[in-house]
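Every number here is computed from the coordinates shown, using simple stated rules; none is lab data. No experiment lies behind these values; they were computed from the predicted model shown. Glycine also receives a Cβ, built like all others from the backbone with ideal geometry; neighbour counts cover every protein chain displayed.
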Amino acid sequence: MTVGAVIEDICRSKGINQIELGQIGCISPKTVSAIKLGRRSVAKDVLSRWAEQLDHPRVYMEMVKESSGGAYGTTWLDGDCVDLHRTTVFLKAGEELKEAIEALAATESIVVHNPAMTSEEQKDEIKEALLQCIDARVAIDMLLAVKSESYGFSIRELFKEHQRKLEQRGYIKKVRR
């Protein structure tokens, strides 16, 4: 799904029309339409204003995917086999985390060796563990999205709070605000 289609879905659910969305992004309704239809890309500053005002996890997910050319980021799970009830995503996140931990533990004896000395079979095991970690990451991203929406938490504020915690613990340098 394109970022324009995601924005359109979110605006529909929040009752925001094309004119209002254009005002938020400081662009014309005609440009909004072109973005929604995928005929025009979204300028970074416009997307940033929309993300801040809409404060919806799906917008942030699409921003990450788009800015990385699809190489990094979480795709919103919307297939027929997905249940996005808050309890289901909670249970699935736990299941995926457990599988990732088990897969990582299975590679513990491999990763202590020099990568140049790793066999193809061992690299396959490591790759599988990494894929399990990606499954867990997607499950956690979905959990964050569904729970924050369900309980009315701002995903933006949750990540700002997390940023402050990392700064306080000395894991990252203080960010100028």
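A few points about this structure:
- Projecting label points 7 angstrom from Cα along Cα→Cβ for LYS14 and LEU131 puts them 3.7 nm apart.
- The dipole here belongs to the chain: it is taken about the Cα centre, uses +1 on the Cβ of Lys and Arg and -1 on the Cβ of Asp and Glu, and is about 1300 debye.
- Taking Cβ atoms as reference points and 14 Å as the exclusive limit, the residues near MET61 contribute a net charge of -3, counting Lys and Arg as +1 and Asp and Glu as -1.
- Cα lying deepest toward the dipole's positive end in the chain, options TYR72, ILE19, LEU144, charges on Cβ: ILE19
- Surrounding net charge for ALA105, when Lys and Arg each add one and Asp and Glu each subtract one, Cβ distance under 12 Å: -3
- Relative contact order (%) - criterion: Cα under 8 Å, at least six apart; region: segment 74-177: 34 percent
- Straightening the chain between PHE90 and ARG176 buys 27.5 nm, computed as 0.36 nm per residue apart minus the Cα-Cα spacing.
- Structure-derived Cα Rg over 2.2 N^0.38 Å - corresponding label in (1) 0.98; (2) 1.17; (3) 1.24: (3)
- Length released on extending from ASN114 to LYS44, taking residue separation times 0.36 nm less the Cα-Cα span: 21.1 nm
- Relative contact order %, segment 32-103, counting alpha carbon pairs below 8 Å whose residues are six or more apart: 14 percent
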